[in-house]
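Bear in mind these aren't lab numbers, they're just calculated from the coordinates by the rules spelled out. Predicted model only: the values in this text are computed from it and were never measured. In this analysis, Cβ positions are derived from the backbone assuming ideal geometry, glycine residues included, and neighbour counts consider all displayed protein chains.
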Amino acid sequence: MRPSRTAVNLNVEVGPVALRSPLIAAAGTVGSVVEFQQVVDFSLYGAAVAKSVAPVPWEGRIAPRIAPTDVGMLNGIGIQNPGVDVWATQVSPHIAAIAAPVWGSIVAHDIDGFAEVAGKIADTGVAAIEINLSCPNLDGRPFALDVDLTTQVVASVREVTDLPLGAKLSPDAMPITPIADAAMSAGADWLVVANTVMGAAIDPETRRPLLSGLIGGYSGAAVRPITMRCVLNIAADLPDAPIVACGGVSDARHVVEYILAGADAVAIGTAHFAKPKVAQRITKDLKTYMKKQSVSALSEIKGAFEPW
Ligand SMILES: Cc1cc2nc3c(=O)[nH]c(=O)nc-3n(C[C@H](O)[C@H](O)[C@H](O)COP(=O)(O)O)c2cc1C
């Protein structure tokens with residue numbers, strides 16, 4: 001058989017943002033981005049998202065705060081971060097040297113906190129801002145599980161910056177579409193679908209939870225079908241909402257799966273811990289798939305899964 005002559009390009013558009021690759025490094029899985037540039041080849045990514053930063057330094061939870069499970073991992077780090085002022089003075093001066101556009105990720109316990117961090121991080125050279133809504137507010141309610149809180153956070157951030165904005169949802173929101181709709185209506189340019197699934201595990205020998213905080217975020221291969229369901233729901237209900245799918249990606253097939261489900265781009269998270277160079281193989285295999293299937297751009301197959 002003659003080899004396919006399809007010229008493939010990996011360019012994608014996520015709302016107002018053009019990316020040279022559909023691969024995005026997910027928040028918190030490549031540190032602040034800067035310290036990972038020796039091990040991760042960011043030139044293979046369309047964007048790299050930094051670990052979430054808050055208005056003030058957060059110490060995070062005590063150890064243990066990361067635990068492997070049979071499939072995937074649990075983390076209960078508590079979003080340890082140095083705070084936005086330290087980010088601005090010590091980290092952001094280095095992001096211009098990163099081989100991908102860097103997106104800042106913001107988190108806070110109240111609405112004003114989100115706006116404060118957004119206002120400060122917007123001036124640090126980040127190409128876009130991701131709003132991490134999967135964090136509890138002062139009453140202990142995660143923003144991403146509540147339509148009104150989601151609306152208020154996204155609107156407050158939209159008010160202080162013109163930068164492209166992604167709203168990162170929780171797969172625990174059920175139904176998820178009203179939250180997605182609220183985020184888009186309040187000014188988000190795209191949805192990141194999604195953060196970790198809430199989970200927990202207990203060691204039968206010590207009888208102690210694997211995480212000091214008992215409940216944490218579950219991520220990796222096993223969450224992919226859950227995240228996939230979220231992407232499918234949102235793509236069906238809000239066909240105009242751009243989607244960055246995020247959950248359990250470690251292979252080019254997973255990227256294609258998400259694009260077929262309706263995503264525009266795909267973020268890689270937990271896979272970085274075992275294989276920091278995972279994007280190399282994904283990029284190669286993705287191009288091979290596209291050539292074989294005569295797909296010249298991924299937008300051609302967006303949402304193009306065949307129903308039974
Ligand atoms: C150790 C760890 C730290 C994370 N930190 C953040 C974070 O700071 N902000 C955020 O929005 N998501 C954070 N996440 C969630 C990931 O960005 C991603 O949404 C999630 O892990 C699902 O994707 P995956 O299955 O590919 O890991 C973190 C995940 C892990 C495993």
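Quick one: which of 259-268, 198-207, 218-227, 61-70 comes out on top by average Cβ neighbours within 10 Å, and what's the full order, highest first?
259-268, 218-227, 61-70, 198-207
How much net charge surrounds V40 when only the other residues with a Cβ under 13 Å from the Cβ of V40 are counted, with Lys and Arg +1 and Asp and Glu -1?
That works out to 0.
Report, in cubic angstrom per residue, the convex hull volume of the C-alpha atoms of the range 1-79.
185
Inverting the mean 1/r over all pairs of different Cα atoms, compute the Kirkwood radius of the range 90-236 and quote it in Å.
When all Cα pairs of the range 90-236 are included, the Kirkwood radius is 16.3 Å.
Identify all aspartates and glutamates with a Cα-Cα distance to K277 below 16 Å; exclude those on the same chain that are fewer than 8 residues away in sequence.
E35, D41, D251, D285
Could you work out the pair-distance distribution P(r) of the chain from its alpha-carbon pairs, with 10 angstrom bin width and percents rounded to whole numbers?
Values per bin, smallest distances first: 6, 29, 37, 21, 5, 1, 0.
Take the residue pairs K168/K292; K275/K302; K51/K302; K51/K284 and return only those whose Cα atoms are more than 31 Å apart. Could you put the intermediate results ahead of the total?
Details: K168/K292 33 Å; K275/K302 27 Å; K51/K302 28 Å; K51/K284 27 Å.
Exceeds cut-off: K168/K292.
What do the square roots of 5 times the Cα gyration tensor eigenvalues come to for the range 249-308, in whole Å, largest first, as semi-axes of the equivalent ellipsoid?
Output for the range 249-308: semi-axes of 21, 14, 9 Å.
If you take every residue apart from D146 with its C-beta less than 12 Å away from the C-beta of D146, what net charge results, scoring Lys and Arg +1 and Asp and Glu -1?
-2
Would you mind computing the Rg to Rh ratio of the range 57-118 from its alpha-carbon coordinates, Kirkwood style for Rh?
With Rh from the inverse mean 1/r over Cα pairs, Rg/Rh is 1.06.
Could you give me the percent of Cα pairs per 10 Å distance bin for the range 23-143, shortest bin first, beginning at zero and ending with the bin that holds the maximum distance?
13, 44, 34, 9, 0
Looking at the range 170-300, I'd like the Rg to Rh ratio, where Rg is from alpha-carbon atoms and Rh is Kirkwood's inverse mean 1/r.
Using only Cα positions, Rg/Rh for the range 170-300 is 1.04.
Please compute, over every Cα-Cα pair in the range 206-251, the percentage with a separation greater than 18 angstrom.
Here the tail beyond 18 Å accounts for 48 percent of pairs.
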